[in-house]
Each structure stands twice: as C-alpha cells, then as structure tokens.
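Below is one structure, written out as structure tokens; the observations come after it.
Derivation of every value follows stated rules applied to the coordinates shown; laboratory data play no part. All figures in this text were calculated on a predicted structure; none of them were measured in a lab. Cβ atoms come from the backbone with ideal geometry, glycine included; neighbour counts cover every protein chain shown.
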C-alpha cells in the first residue's frame, strides 16, 4: 500500500465524495445546526472525533469479532451501539469542559448517534474491505469533509440573514438551494486525479 | 376510528415527515433518483416504522425511562436487519439500487422521532396507525420527488418515456445537486400554499394558533404601509425565518 493511496482516501472522503453534498449523509444536522458559525465548527469537531474513533472501533470489532464468528449480519446493531456509547462519552466530556458549546449544540449532540454519516462510514469501510489504517483515515477524511461543508454553509447562511428572500423560500428551501449550489461546486473536485 | 384516520391524515399531509418536519432527509435526498427507488425506500421504511412503533408501544411500560433510547435503537436495528435480509433475499434489484441506505434506516430520524414522540405514550393500535400515516407520508414525498427528478433528469417516469425524444433531459437533476433543488422547490411550493391558507384564515379572523413563523410570512407577503416606508421590518422577518426552522426541526421532539 503506497502513501499515495492513503492520501487519496483522505482527499476522496473530504472533497471528491463529500459525505454531505454527494452522499447525503448527515443532512439533518447539516441543515439544522448551520445557523451559526461557532456552533457548526464545534459540531464539526465533535463529529470528527466521533467518526474517527467510531470507524477505528468498528473496524477492530468487525475484523476480530464479527468476521471470525460469522456474525456479519449483526454489524448494523453492533456498530450503532458502539456509536451510541461514544456519543454519550463525548457528551459528558463537553458538558464538563465547555458548557457554552454544549448548550449551543443542544439537541444535535445526542443526535450525532443518529447522524447517518457515522454509521454510513463504518458500514462503507467494511463494505470496501479496508484495513485498520485505511478505516481510520477514511473516517477522518469523511468527517473533515462534513466539517468543511457545514462551516461553509454556516458562512453562507450568516450572509443570507440580511437579505430579502421571497416568503415561500424562507427557511429550509433557500438553505437547500444554497446546498445545491455548493454541491455543484464540489462536483468540480471529481476532476482531481493523482 | 376517527382518531385512527386522523393519524393517517396527520402523517400524510399535516405533519408530513419529509416536507413539513424535515426528518429523514438523508435517504429522501439520496434515493429519489427514480420514482421506483422512492417507492421501494418508502415502503421499507414504512414496514420498519410500523413494526417499531408497535413493539415500542407494547413495551412502553416495561422499558425504564433512563435507558429508553438505547433500547429503542436496539429494537429498530434488529427490525432493520430483518428487513435488510428479506430485501436481499426477495428483491435483489431493489437491494442493489438502495445499497447502503437500507441499513441506514436505523438512523432515520423519523423512526426514533416517532418512537420518542408518539409510540411511547400511546396504545399499540394508534401507534401502528401513526406509523402507517408517517410511512405513507414519507413514501409519497419520496415518490413525488423521485418522479420529478426522473422526469427532468432522464425524461422518464417509472421507467416509461414521458418527454418526447427531441427534448434533451437535464442530467443535473439525477445528480446530487438536483436532489437539493427538487426538494427545495417542493417545500417552497408547500410553503406558498401554506401562506395562502394562512392569509385567508387571518382575513376571516381566526386568530393566533401559536405558529408565529407562518403568521409572520403571511403578513410579509401582504405589504403594509409600514414596510413600504422602512427597511427595518424585513430584517426582523428574515430573522424570524431561521427560528421557524428550529421549530420545525425540534417539532418531532416536542410532539
């Protein structure tokens, strides 16, 4: 395995196959939290942490427990439990260390459990037959892609607050139109090659 | 009986999970490339949702409150695994088309949302009806979006050629950006209809129902003298809009 292919996994996860704009995972929090730059950045950081660790743990569990025992079909259940436990830990940690961030994330912090990006990455990794290092890198790359997307959208939305938007388009529709334009822009990364 | 029908109506139109509550957007955006995929995804979710609502409603007095979320997740994950294996065995082509999004039904916010908001407080029968209503609402939204995207992006609906040969389909609509665009437009149309009805109710003097956001946009689209004079109200209105969305997102939790 060359270092080139490892870089490709990170860049591919972050930009080319952007998890939000290209694969539609984690849309709920993408649309819900992107109102403020600060909250979205901290959610992004939390998601990077959770996804990276979750993909590492999921990869180890799959390779050493599920696959040898032939329990392949249990992977969805096992992975979601691992993720739920991790999110609980992050939540307790944030509550203690930075209550302000904890409050601004509100309901979306426990909802990282149901952020499809986390489970999606763990399942894709297994599907692609990645080894441990590749799993961790792909998890990290995907989470960075998520953070990039949500922070960019938060930037766009902070400017939109000042604009006179036609009444029916207020709220969700205009945000989704912005996301569509971002998605078109990210399609440009499809041309990247190594 | 009336209550059961009310649940169906509620899920289909009034609180349509995708178009009104904005739950379960991920699979909605991802699989709506074709009308048939939309139906497949919608019905799989419906099956899981009905069963999970039933099981959770039956167990609502057994599950301790503190560990209810992990318990729900385990129940839903087991049901999804069963559904996944069934689809893989009997509908391999649908399995190919939906791929990763079948196991991801576990993390579909609609299912946990309904469990938390409805099934753990109501009787099994009503919970099942709620599941059917919400599931149908999800299916209808996905099918409409899928049909629109297929029509614009490929010129077909359910695989049948609809656009005449000479018309070049716009490929962007079956690619990721098209999903965002189509859903944005569908929701905008629903908002426009909502604002119209709201205006009519306001004129008839029905008064406030607590939904300030819709109310505000209804007033906004009827220009008042104050708005013609100054810019200020617009800024206020614009700030009201994100608040409206927060309500929509949290709506599932509160109910």
Quiz item: Using a Gaussian network model of chain A with C-alpha springs under 10 Å, which one of A:121, A:65, A:175 is most mobile by mean-square fluctuation?
Solution: A:65
Quiz item: Over region B:1-128, what lengths in whole Å, largest first, do the semi-axes of the equivalent ellipsoid take, defined as the square roots of 5 times the eigenvalues of the alpha-carbon gyration tensor?
Solution: 24, 18, 13
Self-check item: Quotient of C-alpha Rg and 2.2 N^0.38 Å, computed over chain A
Solution: 1.07
Quiz item: Which shape class, rounded, prolate or oblate, goes with the protein assembly as shown when its Cα gyration tensor gives a ≥ b ≥ c as root eigenvalues, a/c under 1.5 marks rounded, and past that a/b bigger than b/c marks prolate?
Solution: rounded
Quiz item: Which whole-angstrom value gives the distance between the alpha carbon centres of region A:140-194 and region B:70-126?
Solution: 29
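At a 10 Å Cβ-Cβ cut-off, how would you order A:112, B:172, fewest neighbours first?
B:172, A:112
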Practice problem: Return one quarter of the surface area of the convex hull spanned by the alpha-carbon atoms of region B:35-99, equal to its mean projected area, in nm². | Solution: 4.6
Practice problem: Round to the nearest 10 and give me the degree value, 0 to 90, for the angle of helix A:116-128's Cα axis relative to the longest principal axis of chain A. | Solution: 40
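Quick one: compute the contact order of region A:1-132, relative version, from alpha carbon pairs under 8 angstrom and 6+ residues apart, as a percent.
33
Against the 2.2 N^0.38 Å scaling, with N counting residues, where does region A:44-154 land? I'd like the Cα-based Rg ratio to two decimal places.
On the way: Rg = 14.3 Å, N = 111, 2.2 N^0.38 = 13.2 Å.
Its radius of gyration relative to the 2.2 N^0.38 Å reference: 1.08.
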Self-check item: Relative contact order, percent, region B:38-177 [alpha-carbon distance under 8 Å, six or more residues apart]
Solution: 36
Practice problem: Can you put A:160, B:1, B:134 in order of Cβ neighbours within 10 angstrom, beginning with the fewest? | Solution: B:1, A:160, B:134
Quiz item: When the Cα centres of region B:1-49 and region B:138-157 are compared, how far apart do they sit, in Å?
Solution: 14
Practice problem: Working from Cα positions, state the angle (0 to 90°, nearest 10) between the long axis of helix A:132-160 and the longest principal axis of chain A. | Solution: 10
Exercise. Show me B:110-116, B:4-10 ranked by packing, highest mean number of other Cβ atoms within 10 Å first.
Key: B:110-116, B:4-10
Quiz prompt | Helix-only [θ]222 nm of the protein assembly as shown, DSSP H runs n ≥ 4, -39500 (n - 2.57) each, per residue, nearest 500 | solution = -22500 deg cm²/dmol
Self-check item: Neighbour-count ranking [beta-carbon atoms within 10 angstrom, fewest first] of A:135, A:116
Solution: A:135, A:116
Self-check item: Sorted largest first, extent of region B:4-50 alpha carbons per principal axis (Å)
Solution: 31, 20, 16
Quiz item: Using the Cα gyration tensor of region A:1-55, with a ≥ b ≥ c the square roots of its eigenvalues, what is the shape: rounded (a/c below 1.5), prolate (a/b larger than b/c) or oblate (neither)?
Solution: prolate
Exercise. Using a Gaussian network model of chain A whose springs link C-alpha atoms within less than 10 Å, name the residue from A:129, A:13, A:141 with the highest mean-square fluctuation.
Key: A:129
Quiz item: What angle, in degrees between 0 and 90 and rounded to the nearest 10, separates the Cα long axis of helix A:172-187 from the longest principal axis of the Cα atoms of chain A?
Solution: 60
